[in-house]
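Notes follow the structure.
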Amino acid sequence: MGVKLKNNAFGTLAAGINNSVTTVALTAGQGAKFPTTSSDDYFYATLIDSSNNLEVVKVTTRSTDSMTVTRAQDNTSARAFIAGDRFELRPNAKVFEDILSESRDLNGAEFILDADADTSITADTDDQIDIKIANSDDFQFTSNKFTAQLGSGILLTKSTATSDEASSAGSFTENNYNISHTLTLDGTLADDAVLADFTVTSDKCLVTSVVVGVCSLKCHVDIHTVAAGSFKVSVTNKSGGTLANDSTMVLNYVIL
């Protein structure tokens, strides 16, 4: 789809045309020298008379030797031509402008980023961007949302509020209904392994409270032993692989 090119295509008019007709007939058999068009394909051709007056036209359909054209392209004016005048596919400014425009608009085509062609970005689905790394569809952007696909994850930088695995039984105090903190692993955590319990304290927590927790990594967050002023948390690695030492995860809780 888009502008078409072909080397050294030329022909002559089988019949004269005035300055308004939109069908140009070439001498029998000459149409095959020009590009084949389908769907939104097109190409530019130049009409030239014996005095070297010319007009650029946009050919939107070629049917054998018959061309459907849009007249007066690329800052030229429509004019009359007679049988035998030339019809040629020449390089012109509009061809290069259209090629540059098409190179900026991928129209859903995959854009390859690396030498071995296994990392790319594409938007072949409307309002969705997909990122492939090492032939794996890792990440997806949609309206107001960024998604890490199954087996992928988001590595977050450390914040000032951290809790290490080695000391995770200590308390982390927060006095809001919404609680968030960053936990940094002090050692590796195997797949399906459970991180030691740690306690989160909050004066908003009641013995009757329901506490919901989520993790930024592919981990299961288990809230248990809810009491007045605190609750306990354990984290299970569900990433499908080992989480490395010093991996960080953001834990968010809502007290209901």
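The values are calculated or read from the model by the stated rules, or taken from the named source; none is laboratory data. This one's a predicted model, so the numbers in the text were calculated from it and none came from an experiment. Counting neighbours? That spans all protein chains shown, and the Cβs are built from the backbone with ideal geometry, glycine included. In case anyone asks, the SASA skips ligands and DNA or RNA and just uses the protein heavy atoms, side chains included. Shrake-Rupley method; radii C 1.70, N 1.55, O 1.52, S 1.80 Å.
List of remarks:
- Measuring between their Cα centroids, the stretch 185-256 and the stretch 1-76 lie 70 Å from each other.
- Taking 4.7 Å between C-beta atoms as the pairing limit, the chain has these partnerless cysteines: CYS205.
- Long pairs among LYS94/LYS145; LYS132/LYS238; LYS94/LYS132; LYS58/LYS132; LYS132/LYS218, criterion Cα-Cα beyond 29 Å: LYS94/LYS145; LYS94/LYS132; LYS58/LYS132
- Nearest-10 value in Å² for the accessible area of LYS204, using the 1.4 Å probe: 80 Å²
- Placing unit charges on the Cβ atoms of the charged side chains and taking the dipole of the stretch 33-153 about its Cα centre, the candidate lying farthest along the positive direction among PHE81, ALA123, PHE146 is PHE81.
- Bridging of LYS33 to aspartates and glutamates at a Cα separation below 19 Å is possible for ASP41, ASP65, ASP85, GLU88, once same-chain residues fewer than 8 apart are set aside.
- Only one residue of VAL200, PHE96, VAL212 has its Cα farthest out toward the positive end of the dipole of the chain, where Lys and Arg carry +1 and Asp and Glu -1 on Cβ, and that residue is PHE96.
- Surface calculation, 1.4 Å probe, protein heavy atoms: THR225 sits at approximately 80 Å² accessible.
- Labels on offer are (i) 71, 18, 13; (ii) 41, 21, 16; (iii) 32, 25, 22, and the one holding semi-axes √(5λ) of the Cα gyration tensor in Å computed from this structure is (i).
- Largest to smallest in accessible area, the residues SER51, SER120 fall in the order SER51, SER120 (1.4 Å probe, all protein chains included).
- Counting only alpha carbon atoms, the long axis of helix 93-104 and the longest principal axis of the chain meet at about 20°.
- Listed by chain and number, the aspartates and glutamates whose alpha-carbon sits under 18 Å from that of LYS204, ignoring those within fewer than 8 places in the same chain, are GLU174.
- Figure note: TYR44, TYR177 ranked by solvent-accessible area, largest first, 1.4 Å probe, ligands and nucleic acids not counted: TYR177, TYR44.
- In terms of overall dimensions, the stretch 1-105 has a Cα radius of gyration and Dmax of 12.9, 40 angstrom.
- Of all DSSP bridge pairs formed entirely within the chain, close to 90 percent run antiparallel.
- If only the Cβ of Lys and Arg carry +1 and only the Cβ of Asp and Glu carry -1, the dipole of the chain around its Cα centre is close to 980 debye.
- Heavy-atom accessible area ranking, 1.4 Å probe, most first, across ILE255, ILE131, ILE99: ILE99, ILE131, ILE255
- Summed residue charge, Cβ within 10 Å of LEU89's Cβ, Lys/Arg positive, Asp/Glu negative: +3
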